[in-house]
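Step one of this worksheet: look at the structure below.
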Amino acid sequence: MNMGKLQKIEKHSKQVMESKHKLKPRNNSFKQKQPDIRTSLVETLGDVVEESESDPEKVQTDSSIYDTLLSSLKSSCGSFAHVYDKRQREQQGVSSEEEEESEPEVGSDDMSDAEVTDVGKRLLILREMETKEASEMEIAEAEEAEDVNYANDESGSDEECDTEVDEEEKVNNDASMNISSFKSHMEYILSEADVQKLKEGKRKFKSELTAYGMPMCKWKTTNDAFPKDDDKLASYGVKMSLQSWWQTIFKRAECCNFTSAMQSQFFSLCNSYQDILHSNKNAFMAGGQDDDLSVTDAYLLHLLNHVYKTRDIVTKNNARLSQQSNNGDKLINAAEPPRDQGFTRPKVLILVPLRSIALRTVKRLIELIPNSCKESIEYKDRFIDEFGAGEDDENGDLEDIAISEGQKQGKYKASSKPADFQALFGGNNDDHFRFGIKFTKKTVKLYSDFYSSDIIVASPIGLITRIGEAETEKNKDVDFLSSIEILVIDNADVILMQNWSHIVSVVDQLNQLPTKQHGTDFMRIREWYLNGQARYYRQTIILSNFANADINALFNRFCVNYQGKVKLLSVYNGVLPKVLLQVRQVYERFYSNSVLDVDDKRFEFFTKKIFPKIKDSLQGGIMLFISSYFDFVRLRNFLKEQNASFCLLGDHKESVYQ
């Protein structure tokens with residue numbers, strides 16, 4: 001009898017699976033004379049299945065309805081429990097004889113054939129629906145994590161660039177992969193002793209490493225060892241979409257992703273989140289197009305990886321909090337919110353001296369973004385018009401991603417000016433600009449509002465102007481600089497020819513406590529932001545063609561990253577042996593009791609010792625070079641007072657005085 005019921009359950013179950021028809025109304029053949037728990041369970045089962053079909057969202061995902069009802073049926077109906085247990089024993093390979101010995105007697109609570117058939121059919125359908133619903137829930141969670149808007153986005157309607165949920169966890173499951181340096185860097189908590197050591201600033205450079213691709217150069221770090229250098233981007237925890245696109249545009253094999261050993265080594269330094277001083281960047285205007293592009297690509301990839309990983313964490317946590325809120329899970333909602341944000345959204349600041357260099361940098365940045373995230377580029381034409389050089393950039397297209405190694409970026413017309421001058425000043429040489437870049441799901445937005453931007457590109461004087469406006473106008477502020485986590489100063493040697501004090505003022509303004517809230521959820525701000533320790537987590541990358549005392553001073557004073565420092569030491573051959581005509585060089589020494597008085601003492605020495613000698617001299621063609629704009633203005637006023645005949649060649653204007 002029981003075996004017959006089991007066969008009927010299996011028969012009807014197969015029919016349901018093959019036909020996939022909807023559940024029919026409950027069978028009226030249930031025993032009406034026994035309205036006990038069996039009847040209520042069968043009716044409840046039917047109600048649950050019908051409710052699940054009409055409203056799948058009500059199906060529980062954390063505990064199985066199927067297992068719960070099955071357990072209830074077994075406890076209330078001896079015959080059903082016997083049939084179920086018998087089938088389980090058959091699946092486990094128990095012999096028929098053993099079954100007969102252990103077979104219990106069937107009581108008066110046996111279920112009819114119709115009941116067993118109907119219950120089996122309903123249970124099978126419920127199991128199928130539950131499995132399908134679980135699969136759909138997993139897909140829905142992944143899609144929700146991708147589509148959730150980035151926190152504090154003022155637009156509100158824009159869907160952010162798609163994220164790879166749990167990508168770091170999946171990559172780190174491979175024992176051969178390194179732990180994501182982004183995660184370890186951002187989640188590290190500084191102790192009071194660590195902060196005190198950083199304030200004292202007594203770290204010394206210890207280890208040395210040969211610099212690939214740069215003869216007579218070596219890297220030095222304050223750490224005991226250098227980060228591991230690997231040819232695969234996957235070893236650094238770079239996002240899969242960035243890895244794939246990098247391999248596509250550079251046509252690199254999976255075994256070696258970088259274009260050169262120098263690029264691989266420099267990217268490993270960037271990925272370690274140490275402060276970096278690269279003082280031998282072969283500048284593009286000096287004929288080092290390939291080397292300059294190699295270094296630029298490495299740090300731009302690092303910036304994109306940092307921005308996207310930051311967004312991944314925020315959007316993933318937003319999705320979890322939203323799901324918990326929708327489910328009414330008060331217990332989970334009562335827990336402490338995730339600490340995953342800063343005071344404001346911008347995380348990267350790129351400082352460059354001229355609009356033409358900003359154009360090259362942003363073009364390259366967009367080229368390294370996967371196609372799926374840049375289906376459209378907003379304000380592209382405006383950007384080319386304002387940062388290009390007119391006719392020279394008519395064919396320039398920010399969407400052009402056909403990159404070939406060693407591609408030449410500049411083609412210049414015949415001119416009396418040298419090649420390096422044309423390369424540097426041939427484009428738009430305006431030095432006053434600032435704008436934001438925001439990444440959405442399929443769009444790159446240029447000229448975005450600073451507080452909704454991911455990356456800010458500016459010139460030093462462009463930010464100095466904004467800082468000055470914030471000091472005089474109450475409705476303006478520079479709080480968008482409060483949460484900068486990576487600072488890049490590119491072409492620092494060119495900025496030296498402008499006004500280096502602007503750089504010092506801008507860096508000093510970074511990572512200050514904001515004056516306004518700007519819609520920030522303070523419950524989700526990282527603790528080290530609230531503790532005023534953001535500058536110890538900021539990575540600073542300084543790129544220059546040569547070393548300089550001002551650059552070294554900035555690097556030593558303002559770069560206090562807890563991860564340590566790394567700088568490049570170069571040995572120069574010099575150029576004096578190449579001079580055909582012998583030139584006599586005379587050095588004059590002046591004395592000063594304090595560093596603060598150096599500028600005044602230098603000016604006093606010139607006016608009293610040097611100028612009287614050249615004033616009455618018959619020798620013409622004397623050039624006076626002043627590195628500081630303040631000294632330039634002071635000397636100009638002095639020469640005007642002396643009625644000297646001179647010509648001015650300055651940063652802002654060119655004029656002649658007789």
Q | Odd one out for VAL583, checked against (1) open to solvent by 20 Å² or more (accessible area, probe 1.4 Å); (2) at positive phi | A | (2)
Q) Considering only residues of the range 594-653 that are within 23 Å of PHE425 (Cβ to Cβ), outside any helix (DSSP H, G or I) and out of contact with any Phe, Trp or Tyr (no Cβ under 9 Å at 6 or more places or on another chain), which is modelled with the lowest pLDDT? A) LYS653
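May I ask you to say which residue of VAL595, VAL571, VAL560 is hydrophobic (A, V, I, L, M, F, W, C), in contact (Cβ under 8 Å) with a residue 24 or more places away in the chain and under 24 Å from LEU198 (Cβ atoms)?
Unique residue meeting the criteria: VAL560.
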Q: Answer yes if at least one residue in the range 537-547 is within 24 Å of LYS199 (Cα to Cα), surrounded by fewer than 19 Cβ atoms within 10 Å (Cβ to Cβ) and of a type in the set (S, T, N, Q), and no otherwise.
A: no
Q: Scan LYS640, LYS578, LYS567 and give me the residue that is within 30 Å of PHE266 (Cβ to Cβ) and surrounded by 10 or more Cβ atoms within 10 Å (Cβ to Cβ).
A: LYS567
(Q) Tell me the residue from ASN491, ASN475, ASN511 that is free of Cβ contacts under 8 Å to residues at least 60 places away in the same chain and open to solvent by less than 40 Å² (accessible area, probe 1.4 Å), please. (A) ASN511
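Among what's in the range 586-612 and is of a type in the set (A, V, I, L, M) and open to solvent by less than 100 Å² (accessible area, probe 1.4 Å), pick the residue that is farthest from ASP550 (Cα to Cα).
Within the range 586-612, the first condition is being of a type in the set (A, V, I, L, M), and the residues that meet it are 586, 595-596, 598, 610.
Now drop any that are not open to solvent by less than 100 Å² (accessible area, probe 1.4 Å), which leaves 586, 598, 610.
Details: VAL586: 24, VAL598: 14, ILE610: 25 Å.
My answer is ILE610.
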**Q.** Cβ pairs under 6 Å, 6+ apart, first in the range 265-279 and of a type in the set (A, V, I, L, M), second not in a strand (DSSP E or B)
**A.** ILE276/LEU269; LEU277/PHE555
**Q.** Odd one out for ASN556 among (1) closer than 27 Å to ALA298 by Cα; (2) open to solvent by less than 60 Å² (accessible area, probe 1.4 Å)
**A.** (2)
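The values are calculated or read from the model by the stated rules, or taken from the named source; none is laboratory data. Keep in mind the model is a prediction, meaning the values are calculated, not measured. Heads up, the Cβs are rebuilt from the backbone with ideal geometry, glycines too, and the neighbour counts pull from every protein chain shown. Just so you know, the surface numbers come from the protein's heavy atoms only, side chains and all, with ligands and any DNA or RNA stripped out. Shrake-Rupley method; radii C 1.70, N 1.55, O 1.52, S 1.80 Å.
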